[in-house]
1. Please specify each residue of region 137-186 satisfying the condition of being of a type in the set (D, E) and modelled with pLDDT of 95 or more.
2. Got a sec? Which of V26, V70 is β-branched (V, I, T), assigned to a strand (DSSP E or B) and more than 30 Å from P160 (Cβ to Cβ)?
3. From T32, T21, T50, which residue is over 26 Å from the mean Cα position of the chain (by Cα), of a type in the set (S, T, N, Q) and at pLDDT 95 or above?
4. Test P146 against the criterion of being within 18 Å of Y116 (Cα to Cα) and in contact with a Phe, Trp or Tyr (Cβ under 8 Å, 6 or more places away or on another chain), and give yes or no.
5. Let me confirm something: among K80, K14, K101, K60, which residue is surrounded by 10 or more Cβ atoms within 10 Å (Cβ to Cβ), touching a strand residue (DSSP E or B) at 6+ places or on another chain (Cβ under 6 Å) and not hydrophobic (A, V, I, L, M, F, W, C)?
6. Given the residues I182, I164, which is the only one that is under 30 Å from T64 (Cα atoms) and not acidic (D, E)?
7. How many of the residues making up region 73-92 are of a type in the set (S, T, Y) and assigned to a strand (DSSP E or B)?
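The values are calculated or read from the model by the stated rules, or taken from the named source; none is laboratory data. This is a predicted model, so every value here is computed, not measured. Neighbour counts are summed over all protein chains in view; Cβ atoms, including those assigned to glycine, are modelled from backbone coordinates with ideal geometry.
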Amino acid sequence: MTDIPWWVSESFWKKIAIWVTAGAFVTLIFLTFDSLSQTSAGTRRVPAYTVINQQLDYRKNDQTGRFQPVIGDSQPLFGKVYSAAEAEALVDLGKKTVQAKNCMNCHTLLGNGAYYAPDLTKAWLDPAWISVEMREDMMVKFLMDPENNARTFGSGRKMPNLGITEREAKGVIAFLKWMASIDTNGFPHNFTSLESEE
Ligand code: HEC
């Protein structure tokens, strides 16, 4: 009994279990901080919320062949330039409205959600809003009363009235504008923005 090989001994496997658990724990902590640095607002790919004060576009980068957001000059939202705290509060209201009304039940956001209705990642840049001047007003009207302001994309599907107030609609629009500024590594591909069309 005394000459069992070291690699089948109980104490060896106990040590292995402890080291693997400790190693996985350290790796998870590292990955958590790494993910936060890639996904928090105000980092390289995800602009700060004050980006809602700026003009946006989404264009193909000729070197990489990938579509990427282009952040331009000042473009106030609803005629206002928001401070960092105001911008965060407005985007936060929009995000909470999107969660409360369960938009992902029909739409995808950054590719996540359901496939009944169009992806909302670049909805702010959709040429269906007709012109940059009309966009904000059309979006508010559509979100507050989609049934009477529907612009069907040929699918014949309709968005139901979700009882969104004007304040919530403005929050949702700020959230959508901010989301359109995120560098999503080329997703969606081949998208013609309202700005590029004009
Ligand atoms: C029951 C399904 C459903 C839910 C829930 C829903 N939508 Fe929609 N939505 C649709 C459909 C269908 C369309 C396409 C309407 C059309 O073609 O006229 C649409 C269109 C849109 C558009 C226009 C898309 C574009 O690219 O121009 C926006 C913006 C939008 N929805 C936002 C939202 C938001 C924000 C929520 C949550 C507050 C939401 N939707 C919840 C079904 C839904």
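1. Initial filter on region 137-186 (of a type in the set (D, E)): 137, 145, 147, 166, 168, 183.
Those that are of a type in the set (D, E) and modelled with pLDDT of 95 or more: D137, D145, E166, E168, D183.
2. Numbers: V26 fails: assigned to a strand (DSSP E or B).
After applying the criteria, what remains is V70.
3. Numbers: T32 fails: over 26 Å from the mean Cα position of the chain (by Cα); T50 fails: over 26 Å from the mean Cα position of the chain (by Cα).
Just a single option satisfies the conditions, and that option is T21.
4. Details: within 18 Å of Y116 (Cα to Cα): yes; in contact with a Phe, Trp or Tyr (Cβ under 8 Å, 6 or more places away or on another chain): no.
For P146, the condition - within 18 Å of Y116 (Cα to Cα) and in contact with a Phe, Trp or Tyr (Cβ under 8 Å, 6 or more places away or on another chain) - is not met.
5. Details: K80 fails: touching a strand residue (DSSP E or B) at 6+ places or on another chain (Cβ under 6 Å); K14 fails: touching a strand residue (DSSP E or B) at 6+ places or on another chain (Cβ under 6 Å); K101 fails: touching a strand residue (DSSP E or B) at 6+ places or on another chain (Cβ under 6 Å).
Just one listed residue meets the conditions, K60.
6. Just one listed residue meets the conditions, I182.
7. Pass one, region 73-92, residues of a type in the set (S, T, Y): 74, 82-83.
Going one step further and asking which of them are assigned to a strand (DSSP E or B), we end up with 74.
Here the count works out to 1.
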